[in-house]
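Each value in this text was obtained by applying a stated rule to the coordinates, not by laboratory testing. Please read all numbers here as calculations on a predicted model, not as lab measurements. Quick reminder, even Gly has a Cβ in these numbers, built from the backbone with ideal geometry, and neighbours come from all protein chains shown.
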Amino acid sequence: MKALRWFARVAAIAFLAAVPSCVELDGQRITIRYDSAKDELQILIHYDGIHDSGSPQHGDGRQQIPEFVKEGRIMLFDWICVLNFDEIRRDVERTEMPAAQRAFADAILTSVTRTPLGHFRDPDGRVGAVQLVVIRQAKEIVRKLNAAIREALLASKPPPDESAQDVATISFFGGEYEAIPGAFARPLLAWAREGRDFIAIDGHSLRIAFPMPLAIWAKAKGSIIERVEWDKLGKDDKTALVAFQQLFALTPIEISESSEAIRIRLGEPHRESTFRLRMREAYKPDLEEVVIREVPVRLDPLIAGRLLAKEAGGASVAPIDALTSWGPEEDRVAAVIHRYAAAPDGPDKEAARAWLTSWAKDWNRTHLVPEAPTEGDPAAFLAAWKKWYRRMLAFPAERFVEDKPAQ
């Protein structure tokens with residue numbers, strides 16, 4: 001049903017097929033922060049290495065990027081999930097929706113702001129962009145999301161019988177899915193009937209809970225382990241495995257398994273967490289002009305100026321403060337690397353090197369890996385920092401990613 005297809009993009013990413021697009025990313029970083037005083041969920045989204053796929057069959061990237069910025073869309077996981085708020089609004093206006101789903105839709109349209117902060121170049125010259133998403137009244141939004149999920153599940157068709165092979169047809173937010181084992185569907189529907197929640201905010205982290213028979217959960221974990229035979233994987237499987245490895249290795253994750261439910265916490269409650277996904281090494285500079293035109297503020301010199309206490313910035317204070325205080329740590333390093341590379345010999349270059357060296361010593365003491373450089377002549381020092389940045393974006397799967405600068 002067209003009426004609810006937008007909802008799947010919000011709450012059921014796992015059920016979606018990829019949305020074709022001419023625009024591709026080399027990677028994505030998503031940083032989550034919860035401001036309890038304001039009840040705001042603040043999300044920094046880094047679109048790394050924006051380029052054209054090279055295939056015209058899915059549209060023109062030079063047109064898609066301006067539309068994306070103008071309409072305030074959000075893209076997650078390399079176009080697997082694109083939230084088009086204009087489309088959500090049109091669907092809400094044109095169609096009838098069950099009460100809980102309409103309440104969630106209205107809340108999304110009134111409580112979510114999207115701000116393009118600007119573009120950046122990584123130390124190897126790849127162009128990316130940063131978007132700040134703010135969800136106001138976040139806990140109320142989550143409450144309405146849980147109600148909408150329960151409402152949609154309770155409208156589903158139950159399994160036809162009690163055999164081990166029965167399959168439930170789940171009408172999940174506008175789509176019907178006929179491959180859900182009844183052994184999983186029955187406790188899922190019971191959970192919804194009891195009014196249980198699936199998603200919650202826990203400090204800066206997100207908690208997800210759902211009932212699942214432990215045997216099915218064990219089988220799912222086993223299938224993941226089977227896929228780690230690297231030499232037997234195809235290119236697409238390798239890309240997925242690298243992203244999966246990064247997610248679970250770099251992100252604080254807590255998994256609690258019991259016969260009652262599987263509970264997963266993504267992120268750390270007491271500090272912000274960045275989810276890093278390295279997707280490909282296919283960058284081309286074919287969309288740089290469009291990205292720079294559509295989000296003209298260049299962020300790396302503003303970040304470096306703030307960190308080195310030389311300039312006040314040039315953009316509004318809040319966005320730069322977000323990037324220098326709770327955004328991805330490697331962003332701050334990249335900005336100062338640019339300053340070090342561009343500055344002539346003298347005080348500015350010395351200040352940039354001193355900042356990088358001090359930062360590296362603190363990083364090596366607290367994080368250990370990947371080890372940051374602290375020594376070397378100017379050329380070697382710069383090359384070592386560029387290599388550290390590339391390793392950081394792929395860590396801990398950097399052995400599977402080509403360690404070379406962009407062409």
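With 30 Å as the limit, the listed pairs Lys70/Lys387; Lys38/Lys361; Lys139/Lys219; Lys284/Lys387; Lys70/Lys284; Lys139/Lys386 have Lys70/Lys387; Lys38/Lys361; Lys139/Lys219; Lys139/Lys386 beyond it between alpha carbons. Using a simple spin-label model with pseudo-atoms 7 Å out from Cα toward Cβ, Asp86 and Asp377 lie 5.6 nm apart.
Here the stretch 298-398 is treated as a sphere whose radius is the Kirkwood value from Cα pairs; by Stokes-Einstein at 25 °C and 0.890 mPa s it diffuses with a coefficient of 176 µm²/s.
Put in line by how crowded their Cβ is, counting other Cβ atoms within 10 Å and starting with the fewest, His367, His204 read His367, His204. For Asp286 and Glu67, the difference between the fully extended length at 0.36 nm per residue and the C-alpha to C-alpha distance is 77.1 nm.
Applying 1/(1 + (r/R0)^6) with r as the Cβ-Cβ distance of Arg271 and Thr113 and R0 = 30 angstrom yields a FRET efficiency of 0.80. The order of the peptides 65-73, 99-107 by mean Cβ neighbours within 10 Å, most packed first, is 99-107, 65-73.
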